[in-house]
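Worksheet for the structure shown next.
The values are calculated or read from the model by the stated rules, or taken from the named source; none is laboratory data. Worth saying up front: this structure is predicted, and the values here are computed from it rather than measured. Every residue, glycine as well, gets a Cβ built from its backbone with ideal geometry; the counts of neighbours run over all protein chains shown.
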Amino acid sequence: MGSQQQEVALVIGSSRGIGRQIAIDLAKAGYAVVVAAKTTSDATKCSPFPPDPNSSASTINTVAREITEAGGKATALAVDVRNFGSIEALVTATVSAYGRLDVLVYNSGAIWWSSVEKTPMKRFQLMQQVNPEGLYGSVQACLPHLYKSRRARIIVVSPPIYSRFFRGKTAYAMGKVGMSVLTMGLPMDWKREGRDHMAITSIWPAAAIESAATESHKADKSELRKPTIFSDAIIAILNSPPEDVTGQCFLDEDFLREHENIQNFEKYSVVPGSSPQRIMPAKFPDLRVAEQDDEGNRMDSTTTRASKI
């Protein structure tokens, strides 16, 4: 496969943990990968190498080195998703380096699980900047380039929408559910525009996955799965027809079971022989209404007023 033909994946939030695994496995699947996050380092001085994937020693530079030393193609590019200019520069650099963009994976996330009373305003604002705003900015910056791809895909790390998810973490859920709303709403725009080759899909773990977050909370490893279950599900989604996955919010385990016919998930357990408890519901509400396909008189603010923002 020539360099001009190799599909390019931009993975935002891939310095460690789940994001690192996604980047590495996309490279194994044949993509040229742009490893993007805020944390950087001199990978040539990393010892031991590779570092603990859930530690601060794992950065975009060490992940890119892991990929290239394994024979893959990768570039490490720093980004601050709180700054739209930084996101735009990242996308420009990606296209400059590889001449194309086919896949965007948005894995960046800020987390704070507590009550509204105990979630300070600064913490709330950080979560909104990194979670829904960072995703929105990344999608906006990538769309002009994704339109040129014959197999354009966007993967969002956000959950199916259901009320139990709000419990005990409402401030966090506000942003994460907003990300899922983008996943469900964007294909409605694409349908009107005739962009049937494109797909955007959300994915969320059915059981807890070993990551920097679970390390910091000292989670029981027997209740954790390896991040490979998540990257395997993402690759399966990317290989699916767009009409089967676009606008959908999937769980990793359920997608692999229903679409890849995987029935045994033991290989994903961090502790061999353990059976991590499922933390997500078995069934989710259908948010569609009887009038789902009736658009009515759809208003477009860009045509009703001159907007200078």
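Do we find that Ala9 is assigned to a helix (DSSP H, G or I) and of a type outside the set (Val, Ile, Thr) in this structure? The answer is no for Ala9.
Hey, any hits in the stretch 51-67 for a residue that's under 26 Å from Pro205 (Cα atoms) and among the basic types (Lys, Arg)? Within the stretch 51-67 (the criterion being under 26 Å from Pro205 (Cα atoms) and among the basic types (Lys, Arg)), the answer is no, since none of the residues qualifies. Within the stretch 159-179, identify whether any single residue is closer than 22 Å to Pro241 by Cβ and either at pLDDT 95 or above or in contact with an Asp or Glu (Cβ under 8 Å, 6 or more places away or on another chain) (or both), and answer yes or no. Scanning the stretch 159-179, I find at least one residue that is closer than 22 Å to Pro241 by Cβ and either at pLDDT 95 or above or in contact with an Asp or Glu (Cβ under 8 Å, 6 or more places away or on another chain) (or both), so the answer is yes. Taken over the stretch 74-121, residues that are of a type in the set (Lys, Arg) and more than 20 Å from Leu135 (Cβ to Cβ) amount to 2.
Do you know which of the residues in the stretch 260-309 that are among the aliphatic types (A, V, I, L, M) and without any contact (Cβ under 8 Å) to a residue 60 or more places away in the chain is nearest to Pro160 (Cα to Cα)?
Filtering first and then ranking leaves Ala282.
Answer yes or no: is there a residue in the stretch 113-127 that is crowded, with 19+ Cβ neighbours inside 10 Å, over 24 Å from Ala173 (Cβ atoms), of a type in the set (A, V, I, L, M, F, W, C) and modelled with pLDDT of 95 or more.
No, the stretch 113-127 contains no residue that is crowded, with 19+ Cβ neighbours inside 10 Å, over 24 Å from Ala173 (Cβ atoms), of a type in the set (A, V, I, L, M, F, W, C) and modelled with pLDDT of 95 or more.
Search the stretch 40-64 for residues that are more than 17 Å from Glu210 (Cα to Cα) and free of Cβ contacts under 8 Å to residues at least 40 places away in the same chain and pair each with any residue that is among the polar types (S, T, N, Q) and surrounded by fewer than 17 Cβ atoms within 10 Å (Cβ to Cβ) when their beta-carbon atoms are under 6 Å apart and the residues are at least 6 apart or on different chains. Going by the 6 Å Cβ cut-off, the qualifying pairs are Asn61/Thr40. Evaluate the following for Arg192: is it touching an Asp or Glu at 6+ places or on another chain (Cβ under 9 Å), without any contact (Cβ under 8 Å) to a residue 60 or more places away in the chain and closer than 20 Å to Gln140 by Cβ? Taking the combined requirement at face value, the residue satisfies it.
Can you confirm whether Ile60 is aliphatic (A, V, I, L, M), surrounded by 24 or more Cβ atoms within 10 Å (Cβ to Cβ) and within 17 Å of Thr228 (Cα to Cα)? Explain how you work it out, then say what you get.
Values: aliphatic (A, V, I, L, M): yes; surrounded by 24 or more Cβ atoms within 10 Å (Cβ to Cβ): yes; within 17 Å of Thr228 (Cα to Cα): no.
Spelling it out, it is not the case that Ile60 is aliphatic (A, V, I, L, M), surrounded by 24 or more Cβ atoms within 10 Å (Cβ to Cβ) and within 17 Å of Thr228 (Cα to Cα).
Listed by first and then second residue, the pairs with beta-carbon distance under 6 Å, at least 6 apart or on different chains, first residue in the stretch 69-96 and in contact (Cβ under 8 Å) with a residue 24 or more places away in the chain, second among the basic types (Lys, Arg) and part of a loop (DSSP other than H, G, I, E, B), are Asp80/Lys38.
Being over 23 Å from Ile111 (Cβ atoms) and out of contact with any Gly (no Cβ under 6 Å at 6 or more places or on another chain) narrows it down to one residue among Arg20, Arg65; which is it?
Answer to the selection: Arg65.
For the stretch 156-215, give me each residue that is in contact with a Gly (Cβ under 6 Å, 6 or more places away or on another chain) and either closer than 26 Å to Arg257 by Cβ or among the acidic types (Asp, Glu) (or both). Explain how you work it out, then say what you get.
Within the stretch 156-215, the first condition is being in contact with a Gly (Cβ under 6 Å, 6 or more places away or on another chain), and the residues that meet it are 184, 187, 211-212.
Listed by number, the residues that qualify are Met184, Pro187, Ser211.
Annotation note: Cβ proximity below 6 Å between a residue of the stretch 156-169 that is touching a residue at least 12 places away in the same chain (Cβ under 8 Å) and a residue that is aromatic (Phe, Trp, Tyr) (sequence gap 6+ or interchain) occurs for Val156/Tyr106; Pro159/Phe165; Pro159/Trp204; Pro160/Phe284; Tyr162/Phe284; Lys169/Trp113.
Across the stretch 249-259, the number of residues qualifying as without any contact (Cβ under 8 Å) to a residue 40 or more places away in the chain and either of a type in the set (Asp, Glu) or closer than 19 Å to Ile18 by Cα (or both) comes to 2.
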